[in-house]
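Engineer: Mind looking over this structure? Questions follow.
The values are calculated or read from the model by the stated rules, or taken from the named source; none is laboratory data. Every value quoted in this text rests on a predicted model; they were computed, and no experiment measured them. We place every Cβ from the backbone using ideal geometry, glycine too, and count neighbours over all the protein chains shown.
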Amino acid sequence: MLDTNAFDLRKYLQGNGQSVGVWIALVAMILFGALRYDNFTGAYNISSFLNYNSMFIAISLGMCFVIMTGGIDLSVGSVVAFTSVCVAYLSPYGIQVALPGGILAGMAIGALNAFFVIKMRIPPFIATLATMLGAKGGALVISGRQTISVDWGSNFTKFGMGNVGGLLPWSIIVVMVLAVGLWVVLEKTSIGRTVEAIGGGEDATRMMGLPVDRAKAFVYILSGGCAGLAGVILASGFGAGQPLEGVGWELSAIASVVVGGTLLTGGLGSVPATVAGALLLGLVFNILNFENGRGVISFSAYWQMVVRGMFLFVVILLQSRFSRAAAKQGA
Amino acid sequence: EPPPLAQKDRYKVGFSQMESNNPWRIAETKSFHDTAEACNWDLIATDAAGSAAKQVADVDSMIAQGIDVLFLPPREEKPLIPAVMKAKAAGIPTFLVDRSVDPNVAKAGEDYVAFLGSDFIDQGRRVAEWTIENFKGDKGIIVELEGTTGSSPANDRKKGFDDRILQDDRFEIVASQTGDFARDLGRQVMETLLQAHPDVNIVYAHNDEMAIGAIQALELAGRKPGEDVLVVSIDGTRDALQAIIDGKMGVTVESSPFFGPLACEVMKRYAAGETIEPWVQVKDRIFTQENAADHIDEAY
Amino acid sequence: MNGLDWKRLSRHGGLIALALLLLINILITPNFLQLQTLFVNISQVATIAIVAVGMTLVIATAGIDLSVGAVMAVAGALAPLIFLSDFAQANPSLGLALSIAVPILVALVCGLFNGVLVAYLGVQPIIATLIFFISGRGIAQVLTNGNLQTFSHPGFSYIGTGKILGLPFQGWLVLVIAVVFWWVVNRTMFGRRILAVGGNEKAARLTGTPVRRVKIGVYVISAGLSGIAGLIVVAINSASDAARIGNLMELDAIAAAVVGGTLLMGGKAPIFGAILGAIIIQLVKYTLLANGVADEVALIAKAGIIVLAVYVQQGRKE
Amino acid sequence: MQPLLRMQGINKSFAGVVALSSAGLEIAAGEVHALIGQNGAGKSTLIKILTGVYRKDSGDIEFEGAPLNAQSPREAQDNGIATIYQELSLVPLRSVTENVIMGYEPRTRFGFIDWKAAHDRTREILSGFGIDIDVTRPLGSYSTAIQQLTAIARAVSLNARLVIMDEPTSSLDDREVETLFGVVRGLKARGVSVIYVSHFLDELFHICDRATIMRDGQTVAVREIASTTKLGLIADMLGRDPEEIAAAGMTDLGGGKGEAGELLLDARNLSTRRMLRDVSVSVHKGEIVGLGGLLGSGRTEAARAIFGLDKLSAGTVSTHRTPAGFSDPAEAIRGGVGFLTEDRKAEGIVPEMSVRENMTLALLPALAGKFSLDRAREEEIVKKFVDALGIKLASIEQPIRELSGGNQQKVLLARWLALEPDLLILDEPTRGVDVGAKFEIQSIIREYVEKGVGVLLISSEFEELVEGADRIVVLQDGVSVTELRNPGITEEKLIGAIAQSHEGAAA
Ligand SMILES: Nc1ncnc2c1ncn2[C@@H]1O[C@H](COP(=O)(O)OP(=O)(O)OP(=O)(O)O)[C@@H](O)[C@H]1O
Ligand SMILES: Nc1ncnc2c1ncn2[C@@H]1O[C@H](COP(=O)(O)OP(=O)(O)OP(=O)(O)O)[C@@H](O)[C@H]1O
Ligand SMILES: [Mg+2]
Ligand SMILES: [Mg+2]
């Protein structure tokens, strides 16, 4: 879906059997929505959908890299909240200050994760669980337990609320540029290769003389930075620094990454499929809302949870079928 | 000027609930569903699962579906302002329900039609006033069980109560910790605080669920809620009224979730061209030993 | 020399942390040295400890179980539905038995679902259990229509509030569960096989270990224990709130297991370590709460303590 | 002349266990230097200290006249030391190309990896080893031998001044070993020094100039290869008298003597989806049947299929007790079959578990009582085998990962022997095992064969097969093509059979 002229679909499918499922499901869901509901493919729905989900794509991208090294980052949700508060304070200086400021704040927490994981050798699950608690506490401390207003006078909110041609929000454009950049990093640079190698065997990678620690630091800081970007989008698109936001977002991100076919044990991952995974999970909410509007069945909140779980179940079943088929074909 | 509302037989009505993790919210959603039939609504109800950002996205998807009118209990004061603005831009009149948005940015009568609800600060203040009047001892040692840290009802109910009660020298708040609006946590926090502050004789909980949890903690520790410890709170749930009748609890200030009928009435007035007052005040009753038994059947 | 001391120190890291915590509390927390403090802590730690035992077994196979909280909610939602039913009202003792047995049975089925996904479909544990994590609580709320169920049922409440020899019933339950599973891990074939599967799955398979059955087994156990924990929560509160029972339990249980010395890569199952981990986490909570530390500061402190505790544990490795 | 590398007084202990005490090593420029010693002597540890995998406790290292204190393999590489570690350190999920050039990728003008150039370069490097494969496929999809050669190719391509090879030939066949020797000689000709660790002493006489011998963490001798003998080296390694050893002989499997008894295993026309096309083999009581063939000919696959690990797509397996074959290893074990895997690290040991627990893993059902395992019997059995096999350890409660390779192998062998099996499938049972232990393992196998156990033996060492097996079934590309029968098999005949069948297949 990116860089189309250089993209050979058949070859991609061969190499990425495990992510075929997500593309099929994505197309099927979009078709389903477009055929069943009025205005589903209208500009308004598309642009607001993309704007909201750009945050999830951003954190999923960072998560994808972390997971490829065999790690995990549970702190992203809290980091989004934390940076949204930081950025709200920066908003009077405009987006040109707030955007880099928010990303840096996120990277700083990412660096803390990296320190715990690399220097203190704390398992990523625990290290980032701790930062998840800490960042949430930090967000509440610096915000004084309040949501923090952004400056509506500066150009800050234009970023999160503006769009191009009524269809493409600025946020999604920035996130897509990030995605393409990360795709290039993963496929074409040595740090990207090292990231994937680590997931395939950390000791072996180290003994091959690859800069394991540097690559791990890179992924955690990257993930923090992606969460920081999501924090900027949150503050500027939703008008406030929100210390309580982001609860459970890490699980959405993990689900997107896995639905996109990345192995949780590390070593194999795909940037485009991760984007597709995030869009797919976002679509479930969107479609549920439209379905409620049809008035045939109204999904109460708890039925929505059940439906989402079942949906995840189906996608994973699909995915395991395809990855098996691909394994057979490859053998 | 908020967008006008045409007179129609049936309206496509959006109700964007913020979360459904407590009985109060569930009762509120139910009230809207129950009203839909009587009021000729095609109701679209969404649930944001506690996320302000998702609530904005939910409102967006309802705007995309072309609703006529929006009822919105905003999860947070500031983050929901974009939702209000977008609805306005799409020509959809919005009524805020039970919580409001930041009045410095979005104003009733301009950006949205009106706010229907009560005042959390006032609820806290009324609990404090009742306590000042009815506390018999010389020295009131208070433990406060807060709602979800950082949420606006928790912040406001704390402010309203604290400001008022501390004007009276008899009272002192020795501990104030979050019980996350939940019964189980309210109990656990109370158990712990009771150990650290055995001389406590007043418990103020930000909602009834935590108050019930606190009563359980007191009983497990061999205390007598209602006799040696006065429990006061907000909401007016059935369990709380029962506790008042049983003499275990002093007071609960009502915070009714049944907004459906009010919403219907206000919307009809607006469609008829009436100017709606910016704040449609809900008259929160106060339940004590005197009237609890009369109202327990209407409680949820 | 230096290395040896460090090793010895870190082996007892958990106990040292516990001793430190106790000391701090004795010094600063008012009324800490009271029997009631012990009771309060036992009753609050019981559910975490029980769930942490199951979690430890799952982690020992290199898995993880995010669904524990949701399973607690399902079991907790079911119990009052059963004993408040007309049938149970008519047959009180049978009703009581059913209201304990059926929820646990349903929990076991949830565990079976997780286990089958992991063992037969090869779904990664975090994702397999994420499915229930997301939908389980929804199912519990569907069962109860989202309503809070309150009740007064002394027989059932005994699970949460009863005492034996002056100590809370849950405390004894934790002890029994811990001893049983310590035995299972250290003395039975199943336990040895759990460790083998987590330590080297291929080697386990080659030596005739029924890898799939072992995996299913640990998820079923974890879910069963979660079910018990769910019943306890409901029993103490005399109320069942499907939206809240076991909320965030998975994080507490995982933290307890890891602080107790479980390796996330699998192959280790220190049952009493997990109990110790749960106690440490509980004591930290208690200390912060009793001393009036604000919630947000408490979060930061908790984060720091988890990092430190695990750091000391990990110091063992070369 | 100043040596290229001088290590002196190196000490290292792991959690109190001494692995090296005052060990040293001196390598001259342009020499091929053998580093030998029994399992656990400390060879790999010494190498890992040199290359920054482990930190030394004390000691000095000088490389090219300057002190060297590498903190990571990368640093060692940057200083001109390339290493092939004993445990294959590669990333099987990634492509062959990545495994060869990772860290040294050719770049385009924009600093991105130039994949086309990378693949080309990889093909070029590998063709120097006579390997022609699809380099874009995951490395893990190729055989252990290819992987081993890939690791070597990577190290050699780094343009180092010192190349360290820790048991590079343990999974190579003769042809590939020859290729490797060619590469080593090429390095030497370019003035590159090589440290060569191997348990195949014959190899040393082909390519090495000098040898450093280690025993119990100490360097005990340095010999000129030209002026010593195999026996002399062995004597140094074991710290014993040459004559004493000479009396004992080299391979103790001693095939061709046993009277074949009742039929234990009859496998016919096996094929699997992966590799096998038509393999038939049978084993009788008290008989050693060898599986011969080149690497990747399907020997391991055949063993896996018989053991019920891989599904058969055609063919039948029957044993004297189980006429229908096995659908999983548990069944095979119940049917009295044991399978010693060739990949000790990945499929054999459970690293965190103790020696005791590792040894009894397959035996658990027999130890399981009603409520618990019979601990007393377990310990008794473990102690018995530790004594019988001469396993060197601090305690049976020691984690197995702390044992040296050879001792780990003995524990795994004991795992199967303890089952008292009727049939043992041994895949490379003496790989990476020192001469002393190899001899011991072989005589243990012999002992059990004499008691009536049937053995299916897979070995890349022709000597072991030729001298050990009663019969050798030769495999080629997943088909069993010939069968040779002892007495009368010689290495030449075996090689001939393999070569012939190759030609037959080619024709
Ligand atoms: N990571 C480790 N932890 C503990 N002990 C170790 C470790 N690595 C090696 N040892 C111990 O150090 C000693 C030397 O082992 P080393 O692997 O260097 O032997 P080796 O000469 O390479 O043997 P082999 O020929 O079997 O490979 C052995 O006793 C081994 O048990
Ligand atoms: N455990 C396994 N899982 C998957 N594939 C395997 C396994 N063992 C061997 N193979 C694959 O089977 C093919 C045939 O190799 P096999 O190991 O059977 O040959 P071999 O003659 O025993 O050679 P080697 O000495 O390398 O083992 C190879 O491509 C190898 O990668
Ligand atoms: Mg070695
Ligand atoms: Mg083989």
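Engineer: Name the residues in segment A:307-325 that are modelled with pLDDT of 75 or more and of a type in the set (Phe, Trp, Tyr), would you?
Structural biologist: A:PHE311, A:PHE313 - these are the residues of segment A:307-325 that are modelled with pLDDT of 75 or more and of a type in the set (Phe, Trp, Tyr).
Engineer: Something else about it: Being in contact (Cβ under 8 Å) with a residue 60 or more places away in the chain and either at the interface with chain A (Cβ under 10 Å from one of its Cβ atoms) or crowded, with 16+ Cβ neighbours inside 10 Å (or both) is the requirement here; does D:LEU126 meet it? Before the answer, list the steps.
Structural biologist: Details: in contact (Cβ under 8 Å) with a residue 60 or more places away in the chain: no; either at the interface with chain A (Cβ under 10 Å from one of its Cβ atoms) or crowded, with 16+ Cβ neighbours inside 10 Å (or both): yes.
So D:LEU126 does not fit the description; no.
Engineer: Every residue in segment A:200-214 that is over 25 Å from C:ILE127 (Cα atoms) and either in a loop (DSSP other than H, G, I, E, B) or more than 8 Å from every other protein chain (Cβ to nearest Cβ) (or both), please.
Structural biologist: Scanning segment A:200-214 gives A:MET208, A:GLY209, A:LEU210, A:PRO211, A:VAL212, A:ASP213, A:ARG214.
Engineer: Between D:ASP60, D:ASP78, which is surrounded by fewer than 21 Cβ atoms within 10 Å (Cβ to Cβ) and without any contact (Cβ under 8 Å) to a residue 40 or more places away in the chain?
Structural biologist: After applying the criteria, what remains is D:ASP78.
Engineer: Condition first: within 11 Å of ligand 1 (Cβ to nearest atom) and in a helix (DSSP H, G or I). Now tell me which residues in segment D:16-57 satisfy that.
Structural biologist: Those that are within 11 Å of ligand 1 (Cβ to nearest atom) and in a helix (DSSP H, G or I): D:LYS43, D:SER44, D:THR45, D:LEU46, D:ILE47, D:LYS48, D:ILE49.
Engineer: I'd like to verify a number: residues in segment D:251-290 that are in contact with a Ser or Thr (Cβ under 8 Å, 6 or more places away or on another chain), within 22 Å of D:ILE495 (Cα to Cα) and at pLDDT 90 or above, how many?
Structural biologist: The total comes to 6.
Engineer: Go through segment D:337-364 and give me each residue that's in contact with an Asp or Glu (Cβ under 8 Å, 6 or more places away or on another chain) and under 26 Å from D:VAL479 (Cα atoms).
Structural biologist: Answer for segment D:337-364, where residues must be in contact with an Asp or Glu (Cβ under 8 Å, 6 or more places away or on another chain) and under 26 Å from D:VAL479 (Cα atoms): D:VAL337, D:PHE339, D:LEU340, D:THR341, D:GLU342.
Engineer: With the requirement that a residue be surrounded by fewer than 20 Cβ atoms within 10 Å (Cβ to Cβ), polar (S, T, N, Q) and away from every other protein chain (no Cβ under 14 Å), what does segment D:298-321 give you?
Structural biologist: D:THR316, D:SER318, listed by residue number.
Engineer: Scan (1) in contact with an Asp or Glu (Cβ under 7 Å, 6 or more places away or on another chain); (2) within 25 Å of A:LEU186 (Cβ to Cβ); (3) facing another protein chain (nearest Cβ under 9 Å) for the single condition A:TYR220 breaks and write down its number.
Structural biologist: Status for A:TYR220: all satisfied but (3).
Engineer: Also, quick follow-up: Please return the ranges of helices (runs of 4 or more DSSP H) entirely within segment C:110-217 where 2 or more residues are surrounded by 22 or more Cβ atoms within 10 Å (Cβ to Cβ) and within 19 Å of the chain's Cα centre (by Cα).
Structural biologist: C:125-144, C:169-187, C:189-199
Engineer: Could you tell me which residue of segment D:408-422 is farthest from ligand 4 (Cβ to nearest atom), considering only residues that are away from chain C (no Cβ under 14 Å) and surrounded by fewer than 24 Cβ atoms within 10 Å (Cβ to Cβ)?
Structural biologist: D:GLU420
Engineer: Within segment B:274-286, which residues are more than 14 Å from B:PHE115 (Cα to Cα) and in contact (Cβ under 8 Å) with a residue 40 or more places away in the chain?
Structural biologist: Correct list: B:ASP284, B:ARG285, B:ILE286.
Engineer: Name the residue that is nearest to ligand 1 (Cβ to nearest atom), counting only residues in segment D:131-156 that are more than 11 Å from every other protein chain (Cβ to nearest Cβ), in a helix (DSSP H, G or I) and of a type in the set (A, V, I, L, M, F, W, C).
Structural biologist: Only one residue fits best here, namely D:ILE152.
Engineer: Here is a further query. When you scan segment A:243-257, how many residues do you find that are more than 14 Å from A:ASN53 (Cβ to Cβ) and under 11 Å from the mean Cα position of the chain (by Cα)?
Structural biologist: Selection size over segment A:243-257: 4.
Engineer: Which residue out of A:ARG206, A:ARG193 is crowded, with 24+ Cβ neighbours inside 10 Å, under 30 Å from D:THR83 (Cβ atoms) and either touching a helix residue (DSSP H, G or I) at 6+ places or on another chain (Cβ under 7 Å) or of a type in the set (Asp, Glu) (or both)?
Structural biologist: Only one candidate qualifies: A:ARG193.
Engineer: Quickly run through segment D:159-173 and pick out the residues that are in contact with a Phe, Trp or Tyr (Cβ under 7 Å, 6 or more places away or on another chain) and modelled with pLDDT under 85.
Structural biologist: Correct list: D:THR169 only.
Engineer: Would you be able to tell me the number of residues in segment D:355-407 that are touching a strand residue (DSSP E or B) at 6+ places or on another chain (Cβ under 6 Å) and facing chain C (nearest Cβ under 9 Å)?
Structural biologist: Residues meeting the conditions: 1.
Engineer: Please indicate, with yes or no, whether at least one residue in segment D:86-95 is of a type outside the set (Ser, Thr, Tyr) and not in a loop (DSSP other than H, G, I, E, B).
Structural biologist: Going through segment D:86-95, the residues of a type outside the set (Ser, Thr, Tyr) turn out to be D:86-88, D:90-94.
Next, only the ones that are not in a loop (DSSP other than H, G, I, E, B) stay: none.
No.
Engineer: Output the number of residues of segment C:240-281 satisfying the condition of being among the basic types (Lys, Arg) and within 14 Å of chain B (Cβ to nearest Cβ).
Structural biologist: 1
Engineer: Mind counting the residues in segment C:229-263 that are under 19 Å from C:ILE59 (Cβ atoms) and at pLDDT 95 or above?
Structural biologist: Let us first name the residues in segment C:229-263 that are under 19 Å from C:ILE59 (Cβ atoms), namely C:229, C:246, C:248-263.
Adding the requirement that they be at pLDDT 95 or above leaves C:229.
Going through segment C:229-263 one residue at a time, the tally reaches 1.
Engineer: Quick one: A:TRP152 ticks every box in (1) part of a helix (DSSP H, G or I); (2) surrounded by fewer than 21 Cβ atoms within 10 Å (Cβ to Cβ); (3) at the interface with another protein chain (Cβ under 7 Å from one of its Cβ atoms) except a single one, so which number is it?
Structural biologist: Looking at each condition in turn, A:TRP152 falls short on (1).
Engineer: Exactly one of these conditions fails for D:ALA324: (1) farther than 19 Å from D:ALA366 by Cβ; (2) under 28 Å from the mean Cα position of the chain (by Cα). Give me its number.
Structural biologist: Looking at each condition in turn, D:ALA324 falls short on (2).
Engineer: Here's something else I'd like to know. For segment D:390-470, give me every one of the helices (runs of 4 or more DSSP H) that falls completely inside it and has 1 or more residues that are under 22 Å from D:GLU301 (Cβ atoms) and within 16 Å of ligand 2 (Cβ to nearest atom).
Structural biologist: Working: elements: D:405-417, D:435-450, D:462-468.
Here the list reads D:405-417, D:462-468.
Engineer: A further question follows. Do we have any residue at all in segment C:82-93 that's closer than 29 Å to C:GLY166 by Cβ and among the small types (Gly, Ala, Ser)? Spell out how you get there, then give the answer.
Structural biologist: In the first step, residues of segment C:82-93 are kept if they are closer than 29 Å to C:GLY166 by Cβ; the result is C:83, C:92-93.
Applying the additional criterion that residues be among the small types (Gly, Ala, Ser) yields C:93.
Checked segment C:82-93: at least one residue is closer than 29 Å to C:GLY166 by Cβ and among the small types (Gly, Ala, Ser).
Engineer: Conditions: (1) of a type outside the set (S, T, N, Q); (2) within 16 Å of ligand 2 (Cβ to nearest atom); (3) more than 14 Å from chain C (Cβ to nearest Cβ); (4) crowded, with 20+ Cβ neighbours inside 10 Å. D:ASP477 meets all but one. Number of the miss?
Structural biologist: The failed condition is (4).
Engineer: A further question on this structure: Take D:ASN99 and decide whether it is more than 7 Å from chain A (Cβ to nearest Cβ), farther than 11 Å from D:LEU158 by Cβ and within 16 Å of ligand 2 (Cβ to nearest atom).
Structural biologist: Criteria met by D:ASN99.
Engineer: Here is a follow-up. If you go through segment D:335-385 one residue at a time, how many are of a type in the set (A, V, I, L, M, F, W, C), farther than 19 Å from C:ARG205 by Cβ, surrounded by fewer than 21 Cβ atoms within 10 Å (Cβ to Cβ) and in contact (Cβ under 8 Å) with a residue 24 or more places away in the chain?
Structural biologist: 1
Engineer: Let me ask another. Would you pick out the residues in segment C:31-61 that are among the aliphatic types (A, V, I, L, M), within 20 Å of C:ALA178 (Cα to Cα) and more than 15 Å from the chain's Cα centre (by Cα)?
Structural biologist: Passing the criteria: C:LEU38, C:VAL40.
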